[in-house]
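Encoded as structure tokens, the structure appears first; notes follow it.
The values are calculated or read from the model by the stated rules, or taken from the named source; none is laboratory data. Fair warning: this is a prediction, and the values are worked out from it, not measured in the lab. Every residue, glycine as well, gets a Cβ built from its backbone with ideal geometry; the counts of neighbours run over all protein chains shown.
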């Protein structure tokens, strides 16, 4: 396995590094480590995963022919543009962020102009519990080269879906219309049910296993709502570019952001407790 540079060490980056056993092969830069309040926590996370923490982006990218970008959707383009100045010639830049195809094409321009190779990578399921088996879709002119490198890193469920940057992300974005939209509709329905005192009746009308799914969807929104909101803002761009009015998706952006902004820690373990906390 060759050396890999990781930009971002949140849930995805840290999970992949640990599950893949990348240890000394991985050099990581996460902007959160620049803040004194977060630095000790980030250094501890690097140490726990056995990876090398870099002082800045240039240090992280030095000598690496493979770069994985795993940041928040609202920072994906800025990170690609900043990374372009420090890429090794011929390095493959795998943009694994959940952003619109036009955002990825803009990032690709910066990477390619700097002598790197840009690959659009879409992560198609939660990294936990998927780990290295999480489905990945790749597109771009060097997607097959990237697939070889990602397979060497330990990913076991990746495939190429085309040679055009933006195809993988389009699939991801349009899938999120449904998945994240269902989360938002679940929250809207159950918040109203709780206030009306009819939660058990409504849940019961859906079927015996619906409560489990509702519990999981609220959990994801409470933990990742802000990140999901940023992703759904990119979905809005995707739909608009396709000349489809994002009527429902704009509401999903708002609902995900509202619940994520509550910053409930720890997240209550049961659906009843979640709803009680959300309707205070």
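Condition first: in contact with a helix residue (DSSP H, G or I) (Cβ under 7 Å, 6 or more places away or on another chain), assigned to a loop (DSSP other than H, G, I, E, B) and assigned by TED's automatic domain parsing to the domain that holds residue 267. Can you find one or more residues in the stretch 178-187 that meet it? No, every residue in the stretch 178-187 fails to be in contact with a helix residue (DSSP H, G or I) (Cβ under 7 Å, 6 or more places away or on another chain), assigned to a loop (DSSP other than H, G, I, E, B) and assigned by TED's automatic domain parsing to the domain that holds residue 267. Restricting the search to the stretch 23-57, which residues are out of contact with any helix residue (DSSP H, G or I) (no Cβ under 7 Å at 6 or more places or on another chain), surrounded by 15 or more Cβ atoms within 10 Å (Cβ to Cβ) and modelled with pLDDT of 95 or more? Residues satisfying the conditions are 31, 46. Considering only residues that are more than 19 Å from residue 57 (Cβ to Cβ) and either crowded, with 16+ Cβ neighbours inside 10 Å or in contact with a strand residue (DSSP E or B) (Cβ under 9 Å, 6 or more places away or on another chain) (or both), which ones fall in the stretch 5-15? Within the stretch 5-15, 15 is the sole residue that qualifies.
If a residue has to be in a loop (DSSP other than H, G, I, E, B) and either in contact (Cβ under 8 Å) with a residue 24 or more places away in the chain or over 23 Å from the mean Cα position of the chain (by Cα) (or both) to count, how many in the stretch 250-267 make the cut?
Initially, the stretch 250-267 is screened for residues in a loop (DSSP other than H, G, I, E, B), giving 261-267.
Remaining after also requiring either in contact (Cβ under 8 Å) with a residue 24 or more places away in the chain or over 23 Å from the mean Cα position of the chain (by Cα) (or both): 261-262, 264, 267.
Selection size over the stretch 250-267: 4.
Each row is one residue, and each column tells you yes or no for (1) out of contact with any strand residue (DSSP E or B) (no Cβ under 8 Å at 6 or more places or on another chain); (2) surrounded by 20 or more Cβ atoms within 10 Å (Cβ to Cβ); (3) in contact (Cβ under 8 Å) with a residue 12 or more places away in the chain; (4) not assigned by TED's automatic domain parsing to the domain that holds residue 30.
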position: 88; (1), (2), (3), (4): yes, no, yes, no
position: 92; (1), (2), (3), (4): no, yes, yes, no
position: 96; (1), (2), (3), (4): no, yes, yes, no
position: 101; (1), (2), (3), (4): no, yes, yes, no
position: 134; (1), (2), (3), (4): no, yes, yes, no
position: 145; (1), (2), (3), (4): no, no, yes, no
position: 150; (1), (2), (3), (4): no, yes, yes, no
